[in-house]
1. Among Ala181, Ala61, Ala81, determine the one that fluctuates most according to a GNM of the chain built with springs between C-alpha atoms less than 10 Å apart.
2. With springs only between Cα atoms under 10 Å apart, run a GNM on the chain and tell me which of Gln77, Gln27, Gln50 wobbles the most.
3. Averaging over every viewing direction, what projected area does the convex hull of the Cα atoms of the stretch 139-179 cover, in nm²?
4. Please work out the Kirkwood hydrodynamic radius for the stretch 69-165, using every pair of different C-alpha atoms, and report it in angstroms with one decimal place.
5. Given charges of +1 on the Cβ of Lys and Arg and -1 on the Cβ of Asp and Glu, with all other atoms neutral, how large is the dipole of the stretch 103-218 about its Cα centre, in debye to the nearest 20?
6. Find the all-direction average of the projected area of the Cα convex hull for the stretch 161-236, expressing the result in square nanometres with one decimal place.
7. Kirkwood Rh over alpha-carbon pairs of the stretch 1-136, then Stokes-Einstein at 10 °C and 1.306 mPa s: what D in µm² s⁻¹, rounded to an integer?
8. Give, to the nearest whole percent, the P(r) tail of the stretch 45-113 beyond 16 angstrom, counting all Cα pairs.
Amino acid sequence: MPASPAERPSPLQILWTENPGAARAAQPTTPEEAIAVLNKGSHGFSRLGQEPLQLRVDREAFGYPPEDDPDGVLDQQPFAAVLSCSDARVPIELTLGCATNDLFVVRVAGNVPGSDCRGSMHYAASHLPSVRVFAVVGHSRCGANSAAVDAMLHPERYLEIASDAPLRGIIDSLLAGVHFAERALLHAHGPDAARSPDYRARLVTLTTFANTALTALVLEREIKRPCAFGVYKLATRTVGVRRAAGWMDGLAMAPKDDAELIALVTNSARSLSL
Ligand SMILES: [Zn+2]
């Protein structure tokens, strides 16, 4: 029997609209303002189904010459530069509620900080003065981080990728996060935690968190610009950070040093049940 209208979920709506005569919202002028815009956009995306997500369309971005711009070419004016995963379930502009020309985006499996990706961020830092903040956004159930965890738990699986140099490069760069996460989980829950049926899933969750925070730390040191980080949760469509008290919506600033990174991952481990 078909569901009655009352039982049917609301249709999801993402509305791309041009607002003739309305100026583009003022660009963020500080990292804090930029993060606030990203967090507001993420919150809007998480509410899909309860209310439509409204996104702005710039005429220039779609090839219509503006009346007040003689060359008719859109200037690139992103307010944030984001490194995120290639995963098809994480369309990063939408998940952050952003429109065209809002974000400078680099996507690569596992959001690993390879030289090409870091080079793109260097370009943004040196050539795009409108960028107020850099961000690294991982996501739950990440295949690349899962593969790195499995490479440690089941070394025979690592041998399967060992001869595939490009893929191996991605997995190798995520192994540091696996070791961070493993130590933190065992420190927080004791050595028997590794025998829990949930251990692998928790290890993937914490590995993704550790690698995302670690990459933000590395990027901030390299480009010497403020860098935030967060994890996109597929189940709730929110970007946030796991603290000792549990999940908190919103991006956080990158840890400043190794001690802060270790404390962050250790506290996050405590919030995971095993
Ligand atoms: Zn991924």
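1. In the Gaussian network model the winner is Ala61.
2. Highest fluctuation among the options: Gln50.
3. 2.7 nm²
4. By the Kirkwood definition, the hydrodynamic radius is 15.3 Å.
5. 360 debye
6. Averaged projected area of the stretch 161-236's Cα convex hull equals 7.1 nm².
7. On the way: Rh = 16.7 Å.
Translational D for this selection: 95 µm²/s.
8. The share of Cα pairs beyond 16 Å in the stretch 45-113 comes to 58 percent.
Values quoted throughout were computed directly from the atomic coordinates according to the rules given, and no laboratory measurement underlies them. Because the structure is predicted, anything quoted here is derived from the model rather than measured. Every residue, glycine among them, receives a Cβ derived from its backbone with ideal geometry; neighbour counts consider all protein chains shown.
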